[in-house]
1. Hey, which of these cross-link pairs are over 20 Å Cα-Cα: Lys369/Lys424; Lys237/Lys444; Lys424/Lys444?
2. Give the residue list of trypsin sites (Lys or Arg not before Pro) in the range 361-443 that are DSSP loop and have at most 16 other beta-carbon atoms within 10 angstrom.
3. Give the order of His305, His199 when sorted by the count of other beta carbons within 10 angstrom, beginning with the fewest.
4. In whole Hz and in residue order, list the ³J(HN,Hα) couplings for the range 62-68 that follow from phi through the Karplus curve 6.51 cos²θ - 1.76 cosθ + 1.60, θ = phi - 60°; x for Gly and Pro.
5. Tell me the mean residue ellipticity at 222 nm calculated for the chain from its helices only (DSSP H runs of n ≥ 4, each -39500 (n - 2.57), averaged over every residue, nearest 500).
6. Would the range 1-94 count as rounded, prolate or oblate if I go by the C-alpha gyration tensor, calling it rounded below 1.5 in a/c and otherwise prolate when a/b exceeds b/c, oblate otherwise?
7. Show me the three semi-axes of the equivalent ellipsoid for the chain, from the C-alpha gyration tensor (sqrt of 5 times each eigenvalue), largest first, rounded to whole Å.
8. What shape does the range 216-333 have by the C-alpha gyration tensor, where a ≥ b ≥ c are the square roots of the eigenvalues, rounded means a/c under 1.5, and otherwise prolate means a/b greater than b/c and oblate the rest?
Amino acid sequence: MVANRLPLHRTGTGSDGSWRASAGGLVTALEPILRSTPGAWVGWTGAPDDRTEPFVHDGIEVRPVPLSRVEVEHYYHGMSNRTFWPLYHDAIVSPEFHRTWWGSYLEVNQRFAAEAAAAAAPGDLVWVHDYHLQLVPQLLRARRPDVRIGFFLHIPFPPQELFEWLPWREEILRGLLGADLIGFQTAAAARNFAQLCRHHRLASGSADALEHDGRTVRAQAFPISIDFDWFDTAARKPETLARAEEIRRLVGPERRILLSVDRLDYTKGIDRRIEAFGELLARRLASVEDCVFLQIAAPSREAVHEYKHLRRQIDGIVGSVNGTYSTPGRIAVQYFRRNLTRAEILPYYCAADVMLVTPLRDGMNLVAKEYVACRTNGDGVLVLSEFAGAAQEMRQAIQVNPRDLDRMTESFASALTMDPAEAKRRMSGLRRTVRRRDVHAWSKSFFDVLRGGADGGGGTAEPTGSDIGEDDLTDEAD
Ligand code: ADP
Ligand code: G6P
């Protein structure tokens, strides 16, 4: 596995500072796979100038790649998080394009490719992940033509009219085409990629067989998931249930709990969601006596201006809603801006009557799947943005357009008042889907196609579930 982020990160500089578990969907998905499959994880420790030697963490062989302070600034904060991240998320904030960032991106991708080449045994499978490392497939192929190379993009892949903004668009397409198999979260993303390759005359054919440089490259949808059984088991543990009970008691046992759990990112729609909750109270569709909104947000990419701004903005909105609606002992929005351990998050999922997942754009959103996996009683209501990749599979959720404040507010009210039998029916369908299409099925289907074993004729090599339309995953329009 080659990914910028390792399952744990250092909090300090250089080789000082303590290790902490990393937040984010990529780590959540990849960790259980590497625990059950022998292999190494090549990535950055999160601290500049850190020259930590390879080590073993929880059965996973970790091979750190060092980044200098300037590279952290240009490659990570710059090109990765101020160019690709916003560009691939519908340009929610304006992406920036700087040649110095690009130079650094190139250099760091070379370093990751060299480390992956050193880590791989002859004939190994190398699986490269996400937007930080889009040049690695091509660079690795040049060094190690003997390995099979897979790439998976965890975030959306934009349509042509947005991707074309990128001054280095052809370099990125060529970089990705170095892989044998390129996985996306949705069939639409795979189609966007194939269309761009054809448009730039870098490949011919359809997404499931792109002819490039005398090879066949396959672009296909593999919707990512979670380790369902792990969450389901952990959610049944007495200590999890006891803590969930305690949370309910602390907020007021008679109050229904609405919950959100996100990285503090402008793609997540946290501001609009809190505003909608404020409207819910303003329109008297609910009151602080009968409900409370808990927002847990992990600080993320804090050196980047847009994230600093977001943090201040959310602080302001929470203050405004609380200032207007809270009463003694009845705080409207309880906001926890911190990184929690998984053991700390689980009881919140178990305690919450309604889960609000309302990103403006999201590759998949694993939080939605984690909530469902923790609802072992089969109750609870999920409100889910149409613009999360998860919306394609999780049809029984109440789906919302997060930019439509009126309807989003009303959907929160519907979730709070949903008939319990209807809620159970929906949750049972959601749990079936997530259980069947868990992260192990995801990685198996990817590996099967990468090894050339499965034909993967549709958009995914896994059989599609009864809850999901074939149209959602197949690449029919190609
Ligand atoms: P993204 O990949 O954009 O971060 P996902 O919803 O796919 O979004 O994944 C987020 C992951 O990070 C989930 O596994 C979630 O449990 C975890 N996470 C979210 N918020 C926190 C937090 N405050 N503390 C620790 N982990 C968090
Ligand atoms: C998303 C990205 C991951 C990234 C994670 C956390 O899930 O797809 O690649 O690791 O966010 O962001 P960070 O910048 O802290 O790695």
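Bear in mind these aren't lab numbers, they're just calculated from the coordinates by the rules spelled out. Everything numeric in this text was worked out from a predicted model, so none of it was measured. Cβ: placed from backbone, ideal geometry, glycine included. Neighbour counts: every protein chain shown.
1. Lys237/Lys444; Lys424/Lys444
2. Arg395, Arg403
3. Values: His305 10, His199 14.
Arranged by neighbour count, lowest to highest, His305, His199 become His305, His199.
4. 9, 10, x, 10, x, 10, 6
5. On the way: 17 runs with 193 residues, N = 478.
One gets -12500 deg cm²/dmol as the mean residue ellipticity at 222 nm.
6. oblate
7. Taking √(5λ) for each eigenvalue gives 37, 24, 22 Å, largest first.
8. oblate
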